[in-house]
Amino acid sequence: MIAKTKEEIQNLARAGKVLAEALRHVAALVKPGVTTAALDLAAEQFILDAGCVPAFLHYKPDSASYPFPAVLCVSINDEVVHGIPSEGRVIQEGDLVMLDLGLSYKGYFSDAAITVFAGEADAAGKKLADATKEALAAAIQVVKPGARIGDISAAIEAVAKKYSFAVVEELGGHSLGRTPHEKPFVPNVGKAGKGEVLVEGLVLAIEPIFTEGKADIELDPDEWTYRTVDGSRSAETEHTILVTKDGAEILTT
């Protein structure tokens with residue numbers, strides 16, 4: 001969907017604002033001893049109280065054999081994406097915790113993710129998480145009408161190389177609007193000047209995903225959670241942005 005009307009953009013902006021607030025709320029609850037199910041419940045309550053609808057709950061892409069059973073994705077340490085919250089998963093001191101959340105407001109979707117620490121952050125983990133933030137900022141900087149998807153990809157990849165982190169190539173960003181996932185796909189590796197042209201009104205979720213070790217990932221038996229094959233930690237930062245005539249407007253900030 002290419003958002004064009006003032007009302008569409010207002011709805012997207014509202015969805016992004018609530019999502020940013022919801023993520024901040026949940027992130028503040030991350031600490032040793034908390035279950036991932038408690039974080040999921042907090043996210044759901046915040047979204048519903050704000051008059052919005054969780055985007056991930058019961059979401060079923062064609063590739064999945066059953067719908068996602070939670071509101072929030074909580075991926076810890078070597079889990080890369082789509083970690084399913086549960087009462088049995090208790091956050092430990094020093095855990096690197098990625099929170100990925102989506103919602104809709106009046107049928108318009110937003111998607112964002114942050115990586116936080118439970119308790120004290122170690123230097124290596126902080127470097128990893130900060131690198132994904134830097135990559136996202138670099139990617140957003142190149143967004144403007146006439147730029148290409150490859151410009152975003154190249155900006156992300158350059159930051160990963162700068163810090164010698166691996167990029168999970170199978171996963172990446174996407175367009176969204178009236179549905180949670182739309183084309184085009186936004187890879188985290190690529191060549192500048194290649195790919196689809198960005199146009200004013202396009203809404204994109206940009207999500208750099210780096211690992212400390214190798215980039216190879218595998219799917220858990222739950223059929224949702226991806227983790228690194230070598231057990232190395234992963235981090236992600238994600239924003240939903242709107243392409244404007246002047247560049248990019250971050251909707252989830």
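All of the numbers you see were taken from the coordinates with simple rules; none came from a lab. Please read these numbers as outputs of a predicted model, since none were measured by experiment. A quick note on method: Cβ atoms are made from the backbone with ideal geometry, for glycine too, and the neighbour counts reach across all protein chains shown.
In terms of other Cβ atoms within 10 Å, His58, His174 run from fewest to most in the order His58, His174.
Its relative contact order, with pairs defined as Cα atoms under 8 Å and 6+ residues apart, puts the range 6-250 at 21 percent.
With the charge dipole of the range 1-58 set up from +1 on Lys and Arg Cβ and -1 on Asp and Glu Cβ about the Cα centre, the Cα lying farthest toward the positive end among the listed residues Gln10, Cys52, Leu23 is that of Gln10. Just the number, please: Stokes-Einstein D of the range 152-253 in µm²/s, Kirkwood Rh from C-alpha pairs, 25 °C, 0.890 mPa s. Taking Rh from Cα pairs, D becomes 168 µm²/s.
FRET efficiency for the Ile2 to Tyr66 pair, using the beta carbon distance and R₀ = 25 Å, is estimated at 0.20. As a calculated quantity, the FRET efficiency between His58 and Val90 at R0 = 35 Å, using C-beta atoms, amounts to about 0.85. Tell me whether the range 75-202 comes out rounded, prolate or oblate; compute the Cα gyration tensor, take square roots of the eigenvalues as a ≥ b ≥ c, and use a/c under 1.5 as the rounded threshold. Note, shape of the range 75-202 comes out oblate. Just to confirm my numbers, what's the Cα centroid distance between the range 225-253 and the range 26-92 in Å? If you average the Cα positions of each part, the centres end up 17 Å apart.
If the segment from Lys17 to Lys106 were pulled out straight at 0.36 nm per residue, it would be longer than the present Cα-Cα gap by 30.7 nm. Taking each of Lys60/Lys191; Lys17/Lys245; Lys126/Lys214; Lys31/Lys106; Lys126/Lys161; Lys162/Lys194 in turn, the alpha-carbon distance tops 24 angstrom for Lys60/Lys191; Lys31/Lys106.
Can you tell me how the chain classifies by the Cα gyration tensor, rounded, prolate or oblate, using a/c under 1.5 as the rounded cut? Numbers along the way, then the final one.
Details: a/c = 1.65, a/b = 1.16, b/c = 1.42.
Oblate shape, in that a/c is at least 1.5 and b/c is the bigger or equal ratio.
Among 125-132, 6-13, the peptide with the highest mean count of other Cβ atoms within 10 Å heads the list, and the full ranking is 125-132, 6-13. Which of Glu207, Glu79, Glu218 moves most in a GNM of the chain, Cα contacts under 10 Å? For the chain, modelled as a Gaussian network with Cα springs under 10 Å, the answer is Glu218.
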